[in-house]
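The values are calculated or read from the model by the stated rules, or taken from the named source; none is laboratory data. Predicted, not measured: the structure shown is a model, and the values here were computed from it. Don't worry about glycine lacking a Cβ; one is built from the backbone with ideal geometry, like all the others, and counts go over all protein chains shown. Surface accessibility is based on the protein's heavy atoms, side chains included, excluding ligands, DNA and RNA. Shrake-Rupley method; radii C 1.70, N 1.55, O 1.52, S 1.80 Å.
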Amino acid sequence: MKKTTLSRHIIRNVLLFCIALFLVTFSVYYYFTRNTIRETTRENAIFLANNTVNRIEQVLTPAEKIPEIVAKMLESAFLSKDSLIPFLKSMLSINKNVYGSIIAYEPDYFPEQGMYFAPYVCRQGDTIHSVVLGDKNYEYFYMDWYQIPKMTNAPYWSEPYFDEGGGNVLMTTYSVPFYTYKDGKRTFSGIVTVDISLEWLTEIMSQVKILNTGYAFLLSRNGVIITHPNKDYVMNQTIFTIAKENNQPAMRETGRNMIQGKSNFESAGFRSKWKAGKLWINYAALPSSHWSIGVIYPDDEMFASLHKINIILLILILVGLSMLSFVIYKIVNKLTSPLKHFAASARLIAAGNFNVHLPEIKTEDEMKELHNSFSFMQKELGDYIVTLKDTTTAKEKIESELRIAKEIQMSMIPHIFPPFPDLPQIDVFAVLKSAKEVGGDLYDFFVIDGNKFCFAIGDVSGKGVPASLFMAVTRTLVRSISDKESSPSVIVGTLNKSISLNNESSMFVTFFLGVLDLSNGELKYTNAGHNPPVIIKKNKEAVMFDKTKFIPVGLFEDFDYGQSSIQLEPGDKIFLYTDGVSEAENSESELFGDGTIMDIIGRNVTAPPRELIHKMEEGISAHVNGFAQSDDITMMTIVYNG
Amino acid sequence: MNVNVVISSDYSIISVEGRVDTTNANEFEKAVMEVVASGINRIILDCSGLNYISSSGLRVFLIVQKKMMASKGELRLCSLQPGIQEIFDISGFTSIFSIYPDKDLALK
């Protein structure tokens, strides 16, 4: 598994939070700043457009006054025919903007002048020339500047044009109709014009700067480009031809609005081959000439400064986050450094070193709490281990003593088989398996007076050490009594008397004792409350001894024990056992039972003692099937060979 | 194991149920000896619910019997199940205890 440190974990979470916070803040900031910049630029563009309109109007409006005044003068017959040229000359000399002026009369207005009469003055260099225009080659009545105001009865600004005769400068002409009274009737009599140079217009327009490369352009009422930074467009293109060339319907729409004299305060956007990127436009109309000024600014330049700020911000934030990570790393490491020591200490404690040094904590915080808990655990574990050691030692001592006690107990009963190789008349085999280290069962056999075989089996009430002591006493007493007595009833009676005296604990022994006369096969026996043994007579069915009337040994000191006697034939066997056999339990609390004992004996009537007991052990083992032995198990088989 | 005691001016009845073996013989002894120690000397041990007894349990019976004999009292056993009766027969205890088939007969 990949190891993740606490500091890395905290740094990751804090950074993720900070980045999320930054992204939200930045998005909001970016959105509003962008809108503000767009709005400011738009206002600036509108201002520039309006300002430029005003500046142009400041030139055009006075220029309009000149022909209008002349028209009034002509109408009131203030000027005579001959004074027209000197008047125009003096007018030109004081109006620097006026390049030329004409007063064109209706055909045959002055009969003496003939069909045409149109005095004209114009600048040629620094001098002012005059001429009377109009002949068959120049029928001015049909010119736009004459026709249109005549038809509309209104002044008219001509489309700009290059004056090819006058130094090839961009010009425009303002035409005003004038009237005279003929027969008392106000009648259209001709047109007064002034030609205005538009060089100053280009100058004014070129002064319009917005952003880095933003610019302004001027459209005539027909959409012809009058001024534009791209000189190729001027007087050669209309906004509509440019829109078509660039396939920009939005530009065409804008052009339509412009020539209709509208102003727009909402920016419109389009693209142009002439200038890369998206362009925005605001425009305003010139009220006098019906021209229109457009202010254009590129989209990318509008946000250039914002992008620059963004990059600076990003760098600042990256630096900030790095510093934050570093600071968190330092703080967390400082806070958690004791944990590493604790972990190391815990491993040492687990390995058994309870005196390990814990890291010192000077702060009064959770770390101190951990330290105290650790310290407490250390002490408790240490104490516990000491106690455990003591207990274990004591337990081991007891167990060791019990093992020795078992060895002593086992050495008290005969355990060498066959026990009497020089006595062919009998063979014996016996086993004793205690449920605990020491038990209360016993068996014994020995020879009295050379030809009497004495054997006994017993079961002390209870188990464990008390029972084993009682068993040892019983066995010792039997041996010592048998030295002098050979009658079973006397032996058992004497034994009972000895044990019953001072038997404060009221323990008792069930006891069977038999004495077999090897010379004739007579068996005398006394059963003191013990399970009846089984007699297996040759060629007959095995049977249990009769139940006894005699109570176990150790209860009443003056109890009178009797004895019985049976005759054994060569080959007869006796099987003795304690209730550990008949009451051996399996996990379902089912007892082994006398019936099973008799069954196994029935199947093995001819088996020698050792084999019979092994068969019985196998039977018991199969019955209990691993269930813990609860009582001592003792079995003894004797065969009389005659 | 359950021990239930009903004290009476006539025969007090101690009912024992379940198993009495090495593990609880002491408990059984304590319960019974409390009754004996209080001076009651006519006791019926109702064994109708007793289904197993080990030699440690028999020892308690014997102690009570000895006490009753010493105080010239009387202990009667009743309602022994066949398995328990068998143990009494084998061990010869039948000869030292007064055993009755049921409680009614024991009370007479």
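What number of residues in region B:36-68 are over 22 Å from B:D21 (Cα atoms) and at the interface with another protein chain (Cβ under 9 Å from one of its Cβ atoms)? Looking only at that region, the number is 0. Scan region A:344-370 for residues that are assigned to a helix (DSSP H, G or I) and within 25 Å of A:V386 (Cβ to Cβ) and jot them down. A:A344, A:S345, A:A346, A:R347, A:L348, A:I349, A:A350, A:L370 - these are the residues of region A:344-370 that are assigned to a helix (DSSP H, G or I) and within 25 Å of A:V386 (Cβ to Cβ). Taking the conditions (1) within 14 Å of chain A (Cβ to nearest Cβ); (2) open to solvent by 30 Å² or more (accessible area, probe 1.4 Å) in turn, B:G18 satisfies each one other than (2). Looking at the structure I just gave you, is A:G269 at pLDDT below 85, exposed (fewer than 13 other Cβ atoms within 10 Å of the Cβ) and in contact with a strand residue (DSSP E or B) (Cβ under 7 Å, 6 or more places away or on another chain)? Considered against the rule, which asks whether it is at pLDDT below 85, exposed (fewer than 13 other Cβ atoms within 10 Å of the Cβ) and in contact with a strand residue (DSSP E or B) (Cβ under 7 Å, 6 or more places away or on another chain), A:G269 comes out as no.
When region A:526-541 is filtered for residues that are within 14 Å of chain B (Cβ to nearest Cβ) and outside any loop (DSSP other than H, G, I, E, B), the ones remaining, listed by number, are A:T526, A:N527, A:A528, A:V534. Six or more apart or on different chains, Cβ atoms under 6 Å: show the pairs whose first residue is in region A:499-519 and at pLDDT below 90 and whose second is hydroxyl-bearing (S, T, Y). Close Cβ pairs satisfying both conditions: A:M507/A:S461. Criterion applied to A:Y146, A:Y156, A:Y161 was being modelled with pLDDT under 90 and under 27 Å from A:T227 (Cα atoms), and the one residue passing it is A:Y161. Quick check, is A:S498 among the hydroxyl-bearing types (S, T, Y), more than 14 Å from B:G92 (Cβ to Cβ), more than 14 Å from every other protein chain (Cβ to nearest Cβ) and not in a loop (DSSP other than H, G, I, E, B)? In short, yes.
With respect to A:L218, determine if the residue is in contact with a Ser or Thr (Cβ under 8 Å, 6 or more places away or on another chain), closer than 19 Å to A:E57 by Cβ, open to solvent by less than 10 Å² (accessible area, probe 1.4 Å) and not aromatic (F, W, Y). So A:L218 passes the test.
Criterion first (in a helix (DSSP H, G or I), in contact with a Phe, Trp or Tyr (Cβ under 7 Å, 6 or more places away or on another chain) and either touching a residue at least 40 places away in the same chain (Cβ under 8 Å) or not assigned by TED's automatic domain parsing to the domain that holds A:Y577 (or both)) does A:L381 satisfy it? Here the answer is yes, as A:L381 does meet what is asked. Filtering region A:569-603 to residues that are closer than 20 Å to A:D441 by Cβ, touching a residue at least 24 places away in the same chain (Cβ under 8 Å) and not hydrophobic (A, V, I, L, M, F, W, C) leaves A:Y577, A:T578, A:D579, A:G580, A:S582, A:E583, A:E585, A:D594, A:T596.
Of all the criteria given as (1) out of contact with any Lys or Arg (no Cβ under 7 Å at 6 or more places or on another chain); (2) within 14 Å of chain A (Cβ to nearest Cβ); (3) open to solvent by 20 Å² or more (accessible area, probe 1.4 Å); (4) at pLDDT below 90, the one not satisfied by B:M33 is (4). All of (1) closer than 30 Å to A:G134 by Cα; (2) in a strand (DSSP E or B); (3) out of contact with any helix residue (DSSP H, G or I) (no Cβ under 7 Å at 6 or more places or on another chain) hold for A:N236 with one exception: (2).
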